[in-house]
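Derivation of every value follows stated rules applied to the coordinates shown; laboratory data play no part. It should be emphasised that the depicted structure is a prediction, and the values quoted were computed from it without experimental measurement. All Cβ positions, glycine included, derive from the backbone under ideal geometry; neighbour counts span all protein chains shown.
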Amino acid sequence: MATVNEILNDLSNLEGVKAAVVAGRDGFCVESVITKGMDIDALGAIFSTSMSPSELMGNELKMGELTQNMIEFKHGNIILTAIGPNAILGVVTNSKANLGALRYNIKKIRGNLAKAL
């Protein structure tokens, strides 16, 4: 079975990926593959905090468990994915990333990440 670091390294090799971070729901980074200039501790905290409002919205609307949340910006994107009840995968991309392929790959590795944790 692949380790969390191996899974994140494979993910980070996809075009446009600038960072791949697994953080606990408490905001602390578990593992990361990141480009220079990004504060890993800040990313873990922000990713954890960002999931809560979307989960509350889904709960209120009775839409079930949040699996993935994507935020689009002018110069890139952030994809947040729940990895079991205790962790979050956050992927930061540039604007050239193929979001469809990336979201597909994230859904494919989600179970493996949960097992590796």
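Here K108 is the anchor, and no lysines lie within straight C-alpha reach of less than 19 Å, apart from those fewer than 8 places off in the same chain.
Going through the stretch 1-38, which trypsin sites (Lys or Arg not before Pro) have at most 11 other Cβ atoms within 10 Å and a DSSP loop state? Within the stretch 1-38, the qualifying trypsin sites (Lys or Arg not before Pro) (loop, at most 11 other Cβ atoms within 10 Å) are K36. Two numbers describe the Cα atoms of the chain: Rg and Dmax, which are 13.2, 40 Å. The helix-based estimate of mean residue ellipticity at 222 nm for the chain, built from -39,500 (n - 2.57) per DSSP H run of four or more residues and divided by its residue count, is -13500 deg cm²/dmol to the nearest 500. Mind pulling up the Rg/Rh value for the stretch 1-64? Radius of gyration and Kirkwood radius, both on Cα. Dividing the radius of gyration by the Kirkwood radius yields 1.06. Other residues within the sphere of radius under 12 Å centred on the Cβ of G44, judged by their own Cβ, net out at -3 (K and R +1, D and E -1).
Values of log10 I(q)/I(0) for the stretch 37-80 across q = 0.15, 0.21, 0.23, 0.29 Å⁻¹ run -0.45, -0.77, -0.87, -1.08, by the Debye formula with one identical scatterer at each alpha carbon and no solvent. Going by neighbour counts of Cβ atoms within 10 Å, the residues F47, F73 line up, fewest first, as F73, F47.
Backbone geometry of the stretch 64-80 corresponds, through the Karplus equation with coefficients 6.51, -1.76 and 1.60 at θ = phi - 60°, to 3J(HN,Hα) couplings of x, 5, 6, 9, 8, 9, 10, 10, 9, 10, 4, 10, x, 9, 10, 10, 10 Hz, x marking Gly and Pro.
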